[in-house]
1. Look through 195, 156 and report the one residue that is among the acidic types (Asp, Glu) and either within 24 Å of the chain's Cα centre (by Cα) or under 30 Å from residue 111 (Cβ atoms) (or both).
2. Hey, among 187, 216, which residue is touching a residue at least 24 places away in the same chain (Cβ under 8 Å), closer than 28 Å to residue 106 by Cα and surrounded by fewer than 21 Cβ atoms within 10 Å (Cβ to Cβ)?
3. Quick one: in region 71-88, of everything that is open to solvent by 20 Å² or more (accessible area, probe 1.4 Å) and small (Gly, Ala, Ser), which residue is nearest to residue 129 (Cα to Cα)?
4. Scan region 144-156 and report the pairs whose first residue is assigned to a helix (DSSP H, G or I) and whose second residue is modelled with pLDDT under 85, with Cβ atoms within less than 6 Å and a gap of 6+ or a chain change.
5. Among the residues of region 140-173, what is the count of those that are open to solvent by less than 70 Å² (accessible area, probe 1.4 Å) and not hydrophobic (A, V, I, L, M, F, W, C)?
6. What are the residues in region 223-252 that are free of Cβ contacts under 8 Å to residues at least 24 places away in the same chain, under 22 Å from residue 32 (Cα atoms), over 15 Å from the mean Cα position of the chain (by Cα) and surrounded by fewer than 16 Cβ atoms within 10 Å (Cβ to Cβ), if any?
7. Just checking, how many residues over region 19-70 are touching a Gly at 6+ places or on another chain (Cβ under 7 Å) and surrounded by fewer than 21 Cβ atoms within 10 Å (Cβ to Cβ)?
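The values are calculated or read from the model by the stated rules, or taken from the named source; none is laboratory data. The model shown is predicted, which means the values in this text are computed figures rather than measured ones. Please note: Cβ atoms are built from the backbone with ideal geometry, for glycine as well, and neighbour counts cover all protein chains shown. Note: accessible area is taken over every heavy atom of the protein model, side chains too, but ligands, DNA and RNA are not part of it. Shrake-Rupley method; radii C 1.70, N 1.55, O 1.52, S 1.80 Å.
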Amino acid sequence: MSGSRERIVNHAILAVFAVIAVFPMLGVVTQALRLPELDFGNFAEAWREGHFGTYMRNSVIVTTVTVAVSSVLSIMAGYALGTMRFRGATVVFLLFLAGLTIPTEAVVVPLYFDLRSIGLDNTYAGLILPQIAMSVAFGTFWMRAYFRSVPPSLVEAARMDGASSWTTLWRVLVPIGRPAILTMVVLVTMWTWNEFLLPLVIVNSDEGLRTAPLGLSFFQGTHHTDYSLLMAGALIIAAPIVIVYIFLQRHFIAGMLSGAVKE
């Protein structure tokens, strides 16, 4: 009976928080669709007037390159720091941790002047490289934790079979670490797609390089009284991340709640 009451209370608390989380989204959808009329014209108008096609393309390019490069670098760095013993490993790991503790606001201004001095402001490279650096800091921390949870006997068995470190990483450890890797990919994708401050500072003169969140901000400035268009634009920007999460939610939850096989 006690267990049943506890389960009911837990479900009630979860239901309350679910309503709190979902209620604002219902308001956004209702406003965008002008319910109960169910008008989808706002989405076409917002897409056309907000130039979201260009902005979404830029976000896809920046996010795809950032996630791909940072994931590969994070896997390799996490493997080295998680399974290998070498002089200075602790110092290197602390440097990665330092990258997690420094907020973007603290470095964005000097970063802009550095990029401008080498001609990378208002370029894709200027948008992508800093976000790769920030993502690798988190990714290395995440993947190191995964590789340290791998049974040492698994790595030793691969080496006894003649596998090199490269083969052990990509043929043995990466396939069984798919939940952890996909969780990292989902998180980095969300953070990169939603990044606002870096594009705002770095892309200051080329409107064609604005990313989706930055474009939405400018769209809001010109349509601040048309709430239906604003809500439609917000849903357009949020849709790709929601779709990514829906398709990868199983792996995401598995990666958050469980680790690799332990002895």
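1. Just a single option satisfies the conditions, and that option is 195.
2. Only one candidate passes the filter, namely 187.
3. So, considering only residues that are open to solvent by 20 Å² or more (accessible area, probe 1.4 Å) and small (Gly, Ala, Ser), the one nearest to residue 129 (Cα to Cα) is 77.
4. 149/259; 149/260
5. Start the filter on region 140-173 by keeping residues that are open to solvent by less than 70 Å² (accessible area, probe 1.4 Å), which leaves 140, 142-147, 149-151, 153-155, 157-158, 162-165, 167-169, 172-173.
Okay, now just the ones that are also not hydrophobic (A, V, I, L, M, F, W, C), so 140, 144, 146, 149, 151, 153, 162, 164-165, 167-168.
Counting residues in region 140-173 that are open to solvent by less than 70 Å² (accessible area, probe 1.4 Å) and not hydrophobic (A, V, I, L, M, F, W, C) gives 11.
6. Hits for region 223-252 are 224, 225.
7. We begin by selecting, within region 19-70, every residue touching a Gly at 6+ places or on another chain (Cβ under 7 Å); these are 46-47, 50-52, 54-55, 70.
Narrowing the set further to residues that are surrounded by fewer than 21 Cβ atoms within 10 Å (Cβ to Cβ) leaves 47, 51, 54.
Selection size over region 19-70: 3.
Listed here are the residues, each with its yes/no results for (1) under 23 Å from residue 29 (Cβ atoms); (2) small (Gly, Ala, Ser).
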residue	(1), (2)
191	no, no
194	yes, no
197	no, no
201	no, no
208	no, yes
211	no, no
223	yes, no
226	yes, no
229	yes, no
